[in-house]
Structure formats: structure tokens, C-alpha cells
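Engineer: My questions will all concern the structure given below.
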Amino acid sequence: MRRARSTIPALAIAFAVAAPAVAVAGPASHVDPFAGTRPGPRTFGGGHNFPGATVPFGMVQWSPDTTPADRNGGGGYDYRDNHLRGFSLTHLSGAGCSLYGDFPFLPTTEPLASSPAAPGAVLDGRFQPGFSHSDEHARPGYYSVRLNPARGAGIDAALTATTRTGVARFTFPRNPHASVLVDAGGSAQPDDLASVRLDPGRREIDGTASSGLFCGQRPRYRVYFAAVFSRRFQAYGTWKEDVLSQGSTAASDSQAPAVNPATSADAGAYATFDTRRNREVLVRVGVSFVSIEDARANLAAESRGAGFGGIAARARKAWNQALGRIRVSGGPARTIDTFYTALYHVFVAPRTFSDVNGDYIGMDGAIHHARGRIQYADLSGWDTYRTQIQLLSILNPRRSSDIVRSLLADAAESGCLPRWPYANGQSMTMVGDSADPLIASAFAFGARGFDTRVALRAMVRGASRPCASANGEYLERQGLAQYLSHGYVPFDLDTRTRNANSIYGSPEDVWASASMTLEYTTDDFAVAQLAARARHDRATYRAFIRRSATWRRLYEPHSGLIEPRYSSGAFPHPYSRLRGGGFAEGNSFQYTWMVPHDPAGLIRRMGGPSRAASRLQRFLRELNGGAGGTHTDHALLGNEPNLNVPWLYDWARRPWATQLAVRRALLGLYDTSPDGYPGNDDLGTLSAWYVFGALGLYPEVPGVGLLAIGSPLFERASIAMPHHRRTVITASAPHSLARAPYIRSAGLDGRPYGRPWTSYCALARGARLSFRLGPHPARGWGDSAAVAPPSYGPGHRMPAGACGL
């Protein structure tokens, strides 16, 4: 395998002082990275975002980690805290479980007479400096904070990043022993390996860590870093657990991996500088999931020769380019800020996983080469198939195609399509076979740069016979055999579940039979759509569109709700529809609406549009049940299974009710405050929901390029489409647009338009969609059966080509 030569000696002299770049105004100026960093009283766990420095889809996400760490989730940061343990290089944006947080760097003036990991140092908080939010600043690609401001001579830390590297600028008080600690055993989850090396001549510290256990899952990953400092070390050393070794140049610790280890491997290094004359220390860091040598190569390729200000300016330019794919105007400043903050979070994940030379570590543990593409990791499929992949495919179909190619590479290396992969491991987090709707939706919304034959073959294989990883820790569809024999996953299997409303735990203990069934019917629908639209495969389409209708077997006619069902065919009795089990992060009332591919079929079961609309009205009286929302009979729009619900009025012939419900959610559940997210953002899922809603559109049906229509928040939105085209959405109202959620009339390309839905294909060629809005519902627009959106029951004809509906 081709390897890049080390370039660290050259890098050691690459710290030319560059003048600070002048910030260029653009959409990045509207972003507040602190949004969603604190759970509010009515939020379902809070956003779990992080405020640190990264670029779109960056491998490096250099951000502060606050303490206590047990409440920080994947972001590693909680706005309620005022102490931190360091600035780690990797994070997971918006996830409810913690992961990564690898290699925290910590500037300190504390004397290093004993190990920073010794119990006394940890308990007295010597290496957990305080900070004030008034001394914090963040913008896309940049973060800064003053540590220990109460002492009168604090340490200023500033961070910026490229895709695979980061640059930190630490400004110390005048002090003879200012140090930077690098904790290789400081990951968010326990490490089974932590190793560091110093090369004082090169002013370098490098290291390795191995961690994992996301949401209790077993896959582990290994990650590497190489850091080069701008100044020679006055002193240096290492530690292993509670033993400090001054002058040492290497340390390593390991622990036997276990699901819940009581201890973690801990090794770290420090470099000390005399800052009495020169207070500034810069450090450049490269990261790789392949090797230290690749981390050095990444550093050389992306960070050589530019000063801190230049790197920060580059990062801001990258963000302005990404965010500029949608240009909005004509709305309150706070709404524009919320929009671009949400769009920013859409672009934070998934993670670039391949190095600059194309190398990445595969799911088989071998080194592979991503030729002509980027390999991506951290795909929260259960979340992102509903909103984010569609938005990414519209705005950047090439990148979205690479995401699909990454999933297909994962399947080739492991044998199975992944459900919720992180790094190079297969995770069974959540239920369903979410790669199927993710792939089909990417294709439906313009991502065509992947082999659809290979994709369909992998999807059909996983949906037809049990697929397990070589180590037996991953099952693509763990309820497949029962699903195929009964048409649903029986409730009998839920007896294995310790907590019926929790999906966290070891895979053999997780069954949420009704949720799993609904996900599998959605997955089967996605297989049918890709078969028809990409491959014109009539036989596969027919087989899987029939399977997609088996959600009906869980519709209990007496309650009018989706309920779990025993293998005998009986529904459980007595059964609590709020707490009775069978559902992942939800209950019977909430999951009843999760039939995104056949809303009309569901509405017919409920007695028709009028009755369904009445039930929707009751359900949506409260939009977000908050922390206890999985045990209420109201909506939980801070969680994925209910994201489609407000748009269902379009199928119930009450489009004005969709317009009002979505507007209530946009203005009432989201803003740029730390608690401005209604739930976990889950790698951009809720953010994409907001962006779509603010544009007045929503991809209701996974695997189909159909867009339900709400009403836009802005007077004008211009969206980048393929081949340098743009679609423009305009809205007008007699008075304030904010007080006018209802569509009075609409037009498409200058002609009257009366449908409460449109399609990606109609917009992709470049279109002009106009709305005239008002403060009162407009009966007559979009409310007849003749213009209702398509619904895809078992008798629906096979669509003709990619754009057929």
C-alpha cells in the first residue's frame, strides 16, 4: 500500500505568523454554534450539539468537553457547566449517547509534580479549569474561551480546523511553567488502549487511542494523532495512570475490552514552555483513523504554511460556500439566524473518514483506498433517512453519492449494510434497516453517482435472509425470520427487553417489535422504490411493495391504533398504549402515525379524512412532550418517529392545518439559544427538518422525491440545484409574513398551482414556486381529493423512471 513520507521536520518550521484574516460577511455570520447545547424544560434530551471548530463534514471537530461528562452526550459539551477537562479532537454532533472525545488537549499553569490522572488531581479539580460563557466565542470554524478568568491571569485558548487537521493558539499568562497536556486515554468512553510518544527535537507529540461502546454497542475504533508545536519544549514528560515520569518520551497503557469496563487505559504526555517573554504557543494537529504516519500526511497536506488566522479564514470561507447553497431573505433577523444555524448543523455530519491519500480502515479491519471519492463514517441512519439525506442530496448530490458509496463499501467489507455505523464498526443502535430508505432517498433526491445495481443487490440480500457480521455482533435485521413468517415482528420477543421504551443495551436484549415492524415496512418500500426507479426491476418491486403493506397487521381496529401483536395473532390484553412496550422511544399513540409511505391507507383505516384530521388535531395540541414525551398521547416533535406527523394533513385534505402546525413548530420549538432544539439533533436530523419546514417543503415519503407543501417563512429563498440551476421560492402577505401561515394561492413557473405537494424533479430543473399567504385558512386551495398527494399502497402502479410518482 502506498504511503506518504513523514513531513514533520518541514512542518516544524511552518509556523509563519500570519496577520489575522478579516471576517467576510456571509451566511456563516448568522450561525450560533451554541444552539442546542443545553436541554430545556420542554426538550426531549436537548440538542447535544457542540460549539467547537470544524469544517463541513470534518474529521476533526476540535471542541471543549465540559464536566461532569456523564450528561454531555455525543457533543461532549453542556451549556449548564462552567468547568472543562480539555479540548478534544473528535465529537459526534447531536447524538444522545457519548462517543469520541479523543485526545483532549489542556493548557495549564498548574505545577506538574504528580500525574494529572492521579485521584488527588482529579478530585481537587486542578486540571478542570473554570470558564465563563461571557468569555466564550464561537462561529463556524472557530472557537475561543478564557480559562480560569477568576484568577486574574487566565489562559486564552482559540481553535480552528481544516477537514483533517486542527490548529490551536494558547496564550498563557507570563509564567515559567506553562504546559499543554495531551491525554491519550481521555476519550468520552473508556479506552482499552492509550499510547503517546514525544520527539522533542521535532517538537512533536503523537499518539493512539482505542475506544467505542456507543449506546452500549461493542464496536471499537482506533484513532491516531500527530501534533507539532511552534516552540521547543522547555520540559516534557509522560504519565501512565497515576504515575508521572518527567523527561520520559513514551507511555502506553491497555485494559482488556469489556462492555462496561470499570477502568480505562490512561496515558498522556505534556510539554512545558517558558511564557514570561513570549506568551503564545501554537499547535497543529493531524488526525487519522489509519496510522500516525497518515495523520502526519494529513497535517502536511492541509495545514502547512498558513497561520492561525489564515486557517480560520479558510474554514469560514468553506462554511459560507456550503451555507450559500440556500440564500434566504425577507424575514426577521432571528429567524434567518435560526435557519442558517440549522443548516450549519446539517453539514457537520457524517464524518470524513478517509485520509488525504484516500486510505481508510474498513469494517474488515484492513486498509482500503477510496479511489475518486471520500469514505464517510458516523451515519445515524434511523435518524437521517427521514430528513438529512434528502437535503444533502438536493444541495450536494456528489457528496451524498459518496455517502451511499461509503455504505456500499461497508457492506462489501462486512457482508451487511450497516444500520448505525460509527468509525469502521457496525452498530445495532435503534431498530430497522435504515440503510435502505437512506439509499433510496438519496437516489430520489438527485444522488446518482453510485452503482444502483450493487446497492439494490445489497438491500435485497439484507431483506431476504439474516445477515450477520463475521464476529456475530451485528445483525442487519434481527427480527427478519419472524417478520417474514408472520408479516410482523411478534410481541413475544419483547419479553427479552429490560425496558420496553429503551433501545439502549446489548443487542440480544433489544426488541421493540411494533417499531421494528413499521421500520421494516418502510425499508421494504424503499427497496421497491429503488428497484423500480433505478433498475426497472418489476419482480422486485412487486414483491417488496406487497411487503410494505404489512403494517396493517398491527392496526388494532377497536382502538384505532398501531399495537404490538403476539405470534398467535392476538393483540396483548390488557395493554397500556402509553407504557405497554413494543416501541423504541415512543408509544402506540405516537407510532400509529409512522406509516410515511401510505398515509392514505392509514387515513382510510381511521375512518376517512375528517376523522383522521380530528385525531391529528388532538394529537398535535401539544407539539413536544419533552423529557417524558414517550409516555404521553401527544406529539413528540423532538424525536424522529413523529417528524412526519404535521404534514399528514396534506393527505387528510386539510393543507391549511399542516401550514399552521408546521409554523407553530418552527417558531415555538426552535431558536438559536442553547436550549433552542426540541430534542437530540442526531447528526443533523432535526436541523434538516427545520430547514425543510422553513422552505415550506418536506420529504414525507422515504425513497420517493415527493415534497409535501407547508408555507415558507421567508419572502425569498433561492436553492442551488444541479447543473448551476436554482429554484426560487417566494412568499408574500398583506401585512406580516410571520402572522400569515396560510396559503391563499400558489404558482409554479408563473402558472396557478393548486396541489399541496410537489416533487424534487419538478424543482431540480430550476423552478419558481410562489405563494400568497394570509392570516386565515383558505378553504379551496389544495383540499380536494383530486389534488391529494400520492400514497403508496400495495396496488400502486410501478413508477416509471426516477421521476415517476
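The values are calculated or read from the model by the stated rules, or taken from the named source; none is laboratory data. All of these numbers come straight from a predicted model, not from anything done at the bench. Virtual Cβ from ideal backbone geometry, glycine too; neighbours counted across all protein chains shown. Please note that ligands, DNA and RNA were not included when accessible areas were found on the heavy atoms of the full protein model with its side chains. Shrake-Rupley method; radii C 1.70, N 1.55, O 1.52, S 1.80 Å.
Engineer: Would you please give the FRET efficiency between Arg80 and Arg453, computed as 1/(1 + (r/R0)^6) with r the Cβ-Cβ distance and R0 = 51 Å, to the nearest 0.05? Can you show the working numbers first?
Structural biologist: Numbers: r = 51 Å, r/R0 = 0.99.
With a Förster radius of 51 Å, E is 0.50.
Engineer: Mind listing P(r) for region 14-154? All alpha-carbon pairs, 5 Å bins, whole percents.
Structural biologist: Spelled out bin by bin, region 14-154 gives 2, 9, 17, 21, 19, 16, 10, 5, 2, 0 percent.
Engineer: Oh, and also: Carbon and sulfur: what percent of region 292-349's accessible surface (1.4 Å probe)?
Structural biologist: About 49 percent, which is the carbon plus sulfur part of the accessible surface.
Engineer: Find the relative contact order for region 113-230 and round it to a whole percent, using C-alpha pairs within less than 8 Å whose residues are 6+ positions apart.
Structural biologist: Averaging sequence separation for qualifying contacts and normalising by length gives 12 percent for region 113-230.
Engineer: Same structure again: Calculate one ³J(HN,Hα) per residue across region 621-633 by plugging θ = phi - 60° into the Karplus curve 6.51 cos²θ - 1.76 cosθ + 1.60, and present them in order as whole Hz with x for glycine and proline.
Structural biologist: In residue order, the calculated couplings are 4, 10, 8, 8, x, x, 4, x, x, 6, 10, 10, 9 Hz.
Engineer: Within 12 Å, Cβ to Cβ, of Phe771, how many net charges do the neighbouring residues add up to if Lys/Arg are +1 and Asp/Glu are -1? Before the final figure, lay out each step's value.
Structural biologist: On the way: positive: Arg716, Arg744, Arg768, Arg772; negative: Glu715.
Result for the local shell: +3.
Engineer: Take the alpha-carbon centre of region 562-592, take the same for region 320-358, and report the distance between them in whole Å.
Structural biologist: 39
Engineer: Counting only Cα atoms, I'd like the Rg/Rh figure for region 362-413, Kirkwood definition for Rh.
Structural biologist: Radius of gyration relative to Kirkwood radius: 0.99.
Engineer: From the phi of every residue in region 599-612, what ³J(HN,Hα) in whole Hz does the Karplus formula 6.51 cos²θ - 1.76 cosθ + 1.60 yield, where θ is phi - 60° and glycine or proline is x?
Structural biologist: Rounded to whole hertz, the list is x, 5, x, 5, 5, 4, 4, 7, x, x, x, 5, 5, 5.
Engineer: For the chain, what's the relative contact order in percent, using C-alpha pairs closer than 8 Å and at least 6 residues apart?
Structural biologist: 13
Engineer: Probe 1.4 Å, all protein chains in place: accessible area of Glu700 in Å², nearest 10?
Structural biologist: Answer for Glu700: close to 0 Å² accessible.
Engineer: Let me ask something else. Under Stokes-Einstein, with the Kirkwood radius over Cα pairs standing in for Rh, what whole-number D in µm²/s applies to region 75-178 at 37 °C and 0.692 mPa s?
Structural biologist: D = 220 µm²/s.
Engineer: Ok, one more. Give the Debye-formula value of log10 I(q)/I(0) at each listed q (0.10, 0.17, 0.19, 0.20 Å⁻¹), with one equal scatterer per alpha carbon of region 128-287, two decimals each.
Structural biologist: The calculated log intensity ratios at q = 0.10, 0.17, 0.19, 0.20 Å⁻¹ are -0.41, -1.12, -1.27, -1.32.
Engineer: Okay, next question. If you count only protein heavy atoms with a 1.4 Å probe, what accessible area per residue comes out for the chain, rounded to a whole Å²?
Structural biologist: On a per-residue basis, 33 Å².
Engineer: Can you give the convex hull volume per residue for the Cα atoms of region 141-194, as a whole number of Å³?
Structural biologist: Spelled out: Cα convex hull of region 141-194, divided by residues, is 129 Å³.
Engineer: In whole angstrom, how far apart do the alpha carbon centroids of region 377-436 and region 669-698 sit?
Structural biologist: 20
Engineer: Starting from the coordinates of the alpha-carbon atoms of region 690-805, obtain the Kirkwood hydrodynamic radius over all distinct pairs and give the value in Å to one decimal. Intermediate values should be presented prior to the final figure.
Structural biologist: Details: mean 1/r = 0.0669 Å⁻¹.
It works out to 15.0 Å.
Engineer: Is region 563-664 rounded, prolate or oblate when judged by the Cα gyration tensor, a ≥ b ≥ c being the square roots of its eigenvalues, rounded requiring a/c under 1.5 and prolate requiring a/b larger than b/c?
Structural biologist: oblate
Engineer: Suppose every K and R has +1 on its Cβ and every D and E has -1 on its Cβ; what is the size of the dipole of region 613-709 about the Cα centre, in Debye to the nearest 20? Present the calculation step by step, with values, prior to reporting the outcome.
Structural biologist: Numbers: 7 positive and 9 negative charges, 109 e Å.
Using Cβ point charges on Lys, Arg, Asp and Glu, region 613-709 gives about 520 debye.
Engineer: Okay, next question. Taking the Cα centre of each part, how many Å lie between region 625-648 and region 274-294?
Structural biologist: Centre-to-centre (Cα) distance: 45 Å.
Engineer: Let me see the pair-distance distribution of region 627-704: every alpha carbon pair, 5 Å bin width, integer percents in order.
Structural biologist: Using 5 Å bins, I get a P(r) of 3, 14, 26, 28, 18, 9, 2, 0 for region 627-704.
Engineer: Note the angle between two axes, namely the Cα long axis of helix 655-669 and the longest principal axis of the Cα atoms of the chain, as a number of degrees from 0 to 90, rounded to the nearest 10.
Structural biologist: That works out to roughly 20 degrees.
Engineer: Something else: Gain in length, Ala153 to Arg751, computed as 0.36 nm per residue apart minus the alpha-carbon separation, to one decimal in nm?
Structural biologist: Gain on stretching Ala153 to Arg751: 208.7 nm.
Engineer: Which of the peptides 324-330, 354-360, 674-680 is most tightly packed, and how do the rest follow, judged by the mean count of other Cβ atoms within 10 Å per residue?
Structural biologist: 674-680, 354-360, 324-330
Engineer: Please grab the % of Cα pairs in region 71-136 that end up more than 13 Å from each other.
Structural biologist: Everything past 13 Å amounts to 69 percent.
Engineer: When a/c is below 1.5 the answer is rounded, else prolate if a/b is larger than b/c, else oblate, so apply that to region 223-314 with a ≥ b ≥ c taken from the square roots of the Cα gyration tensor eigenvalues. Can you show the working numbers first?
Structural biologist: Numbers: a/c = 2.56, a/b = 1.33, b/c = 1.92.
Judged from the Cα gyration tensor, region 223-314 comes out oblate (a/c at least 1.5, b/c at or above a/b).
Engineer: Using Cα pairs closer than 8 Å and at least 6 residues apart in sequence, work out the relative contact order for region 310-467, in percent.
Structural biologist: 20
Engineer: Further question on the same structure: With a Förster radius of 56 Å, plug the Cβ-Cβ distance of Arg726 and Ser576 into 1/(1 + (r/R0)^6) and report the FRET value to the nearest 0.05.
Structural biologist: Calculated value: 0.65.
Engineer: Can I ask one more? Just to verify a number: FRET efficiency for Arg768 and Arg618, C-beta to C-beta distance, R0 = 35 Å, to 0.05?
Structural biologist: For Arg768 and Arg618, the calculated efficiency is 0.40.
Engineer: Under a plain spin-label model, where a point goes 7 Å from the Cα along Cα-to-Cβ, how far apart in nm are Ser784 and His735?
Structural biologist: Simple spin-label model gives 3.2 nm for this pair.
Engineer: Could you work out the mean projected area of the convex hull around the alpha carbons of the chain, in square nanometres to one decimal?
Structural biologist: If you wrap the Cα atoms of the chain in a convex hull and average its projections, you get 31.6 nm².
Engineer: Which translational diffusion coefficient, to the nearest whole µm²/s, is obtained for region 179-247 from the Stokes-Einstein equation, given a Kirkwood hydrodynamic radius over C-alpha pairs, 25 °C and 0.890 mPa s? Working shown, then result.
Structural biologist: Values: Rh = 13.3 Å.
This corresponds to a translational diffusion coefficient of 185 µm²/s.
Engineer: Work out from phi, with θ = phi - 60° and the Karplus expression 6.51 cos²θ - 1.76 cosθ + 1.60, the ³J(HN,Hα) of each residue of region 222-239, listed in order in whole Hz, and give x for Gly and Pro.
Structural biologist: 10, 9, 10, 9, 9, 10, 10, 9, 7, 9, 6, 7, 6, 8, 6, x, 9, 9
Engineer: Show me 478-484, 643-649 ranked by packing, highest mean number of other Cβ atoms within 10 Å first. Write down the numbers at each step before the final one.
Structural biologist: Numbers: 478-484: 19.4, 643-649: 26.6.
For the peptides 478-484, 643-649, the packing ranking is 643-649, 478-484.
Engineer: For Ala412 paired with Cys803, estimate the spin-label separation in nm (one decimal), with each label point 7 Å from Cα along the Cα-to-Cβ line.
Structural biologist: Going by the 7 Å Cα→Cβ label model, 3.1 nm.
Engineer: Continuing with this model, one more query. Using only DSSP helix segments of four residues or longer, with each worth -39500 (n - 2.57), what per-residue ellipticity at 222 nm results for the chain after dividing by its residue count and rounding to 500?
Structural biologist: One gets -7500 deg cm²/dmol as the mean residue ellipticity at 222 nm.
Engineer: Using square roots of five times the C-alpha gyration tensor eigenvalues, list the equivalent-ellipsoid semi-axes of region 435-498 in whole Å, biggest first. Mind dumping the intermediate values first?
Structural biologist: On the way: eigenvalues 153, 39, 26 Å².
Working from the Cα gyration tensor, I get semi-axes of 28, 14, 11 Å.
Engineer: Which of rounded, prolate or oblate describes region 323-465 when judged by the alpha-carbon gyration tensor and an a/c cut-off of 1.5?
Structural biologist: Prolate.
Engineer: Now for a separate question. Can you work out the base-10 log of I(q)/I(0) for region 598-736 at q = 0.09, 0.19, 0.20 1/Å, using the Debye formula on its C-alpha atoms alone?
Structural biologist: Taking Cα atoms of region 598-736 as identical point scatterers yields -0.29, -1.22, -1.32.
Engineer: On the full set of protein chains, 1.4 Å probe, figure out the accessible area of Met428 and give it in Å² to the nearest 10.
Structural biologist: About 10 Å², rounded to the nearest 10.
Engineer: Between Arg553 and Gln246, what is the label-point separation in nm under the 7 Å Cα-to-beta-carbon projection?
Structural biologist: Placing both labels 7 Å beyond Cα along the Cβ direction yields 7.2 nm.
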